[in-house]
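Participant: Below you will find the structure I want to go over with you.
The values are calculated or read from the model by the stated rules, or taken from the named source; none is laboratory data. Given the structure is predicted, the values throughout are model-derived calculations rather than measurements. Backbone-built Cβ (ideal geometry, glycine too); neighbour counts: all protein chains shown. Surface areas here come from the heavy atoms of the whole protein model, side chains and all, with no ligands, DNA or RNA. Shrake-Rupley method; radii C 1.70, N 1.55, O 1.52, S 1.80 Å.
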Amino acid sequence: AFGDFSRTVDALGRAEKLEDTFAGAGRFDITLSPFNLGVNLAAGFNQPWRVGATVAGSLLGFDLWGEYGAVLPVVSYDYSWAASVGLGRSFGQDKEWDLRTEVFFNGRGQEDAELTAKSSFAPYYLGKYYLYVAGSKQKLFAPGSSLSLSWLGNLSDLSWTAAAGLGLALPALIPLNITVRYNGGPDKREFTLRNGGPAWSLQVQTVLQL
């Protein structure tokens with residue numbers, strides 16, 4: 001458990017009433033093999049009360065996880081919630097292959113919406129339903145090389161983004177990460193608004209240590 005005093009002093013350094021600004025939070029964890037469960041609660045005066053729960057574990061060779069978060073209907077706030085569930089598996093002699101998928105529900109998201117250049121929204125929270133799928137291969141053709149593929153879709157407005165990444169950290173060579181990305185789906189939606197429609201992009205990154 002911990003207390004949050006960040007709102008007890010305003011931007012000018014003046015003290016606010018403790019009973020109006022104090023907030024607290026706590027977490028409880030328990031392990032019920034093969035899963036670990038956790039519950040969070042955060043509350044404060046004149047602030048939304050929030051509750052969250054997490055579960056993670058392994059079953060039949062798969063990694064499983066889930067999360068739930070909600071704003072409770074107290075202090076004049078309406079109830080809203082979000083949740084995600086995912087599974088993944090690593091395999092191969094050295095666990096060099098990895099596959100993962102996750103679904104996300106956002107209760108405050110929109111079913112579909114045509115956006116404009118002035119539209120304001122939080123990325124990955126615009127829609128109600130999202131799906132993420134990813135796979136990667138380490139030691140692609142040599143130790144230090146890897147390939148990753150991923151797809152993330154807003155199932156509410158049918159826009160999506162897909163990426164392929166090549167990682168190279170080979171001896172005597174400058175390390176490189178090369179990513180090719182395509183944003184697709186209908187125009188003026190979450191993943192197509194910024195580029196004016198479906199679009200390709202290329203990103204090359206390197207890190208030099210002296």
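Participant: Report those strands (runs of 3 or more DSSP E) wholly inside the range 9-88 carrying at least 2 residues which are over 20 Å from G107 (Cα atoms) and in contact with an Asp or Glu (Cβ under 9 Å, 6 or more places away or on another chain).
Facilitator: The strands (runs of 3 or more DSSP E) meeting that bar are 23-32, 35-44, 50-59.
Participant: To continue, here is another question. Being open to solvent by 40 Å² or more (accessible area, probe 1.4 Å) and of a type in the set (A, V, I, L, M) is the filter here, so list the residues in the range 52-76 that pass it.
Facilitator: V55, A56, L59, L60, L64, L72, V74, V75
Participant: Right, something else. List the strands (runs of 3 or more DSSP E) inside the range 93-210, counting only whole elements, that have at least 1 residues being hydroxyl-bearing (S, T, Y), open to solvent by 80 Å² or more (accessible area, probe 1.4 Å) and modelled with pLDDT of 95 or more.
Facilitator: Numbers: elements: 97-106, 129-138, 145-154, 159-168, 176-184, 199-205.
In the range 93-210, the matching strands (runs of 3 or more DSSP E) lie at 129-138.
Participant: Collect the residues in the range 19-41 that are over 18 Å from A53 (Cβ atoms), open to solvent by less than 90 Å² (accessible area, probe 1.4 Å) and either out of contact with any Gly (no Cβ under 8 Å at 6 or more places or on another chain) or aliphatic (A, V, I, L, M) (or both), keeping them in residue-number order.
Facilitator: Within the range 19-41, D20, A23 meet the criteria.
Participant: Under the condition of being free of Cβ contacts under 8 Å to residues at least 24 places away in the same chain and not small (G, A, S), which residue from the range 77-90 is surrounded by the most Cβ atoms within 10 Å (Cβ to Cβ)?
Facilitator: So the residue we want is V85.
Participant: Pull out all pairs, ordered by first then second residue, where Cβ-Cβ is under 7 Å, the residues are six or more apart or on different chains, the first lies in the range 48-63 and is under 14 Å from L99 (Cβ atoms), and the second is in a strand (DSSP E or B) and open to solvent by 40 Å² or more (accessible area, probe 1.4 Å).
Facilitator: G61/R89; F62/L87; F62/R89; D63/L87; D63/R89
Participant: Still on this structure: Can you tell me which residues in the range 42-51 are open to solvent by 30 Å² or more (accessible area, probe 1.4 Å) and touching a helix residue (DSSP H, G or I) at 6+ places or on another chain (Cβ under 8 Å)?
Facilitator: Residues satisfying the conditions are F45, N46.
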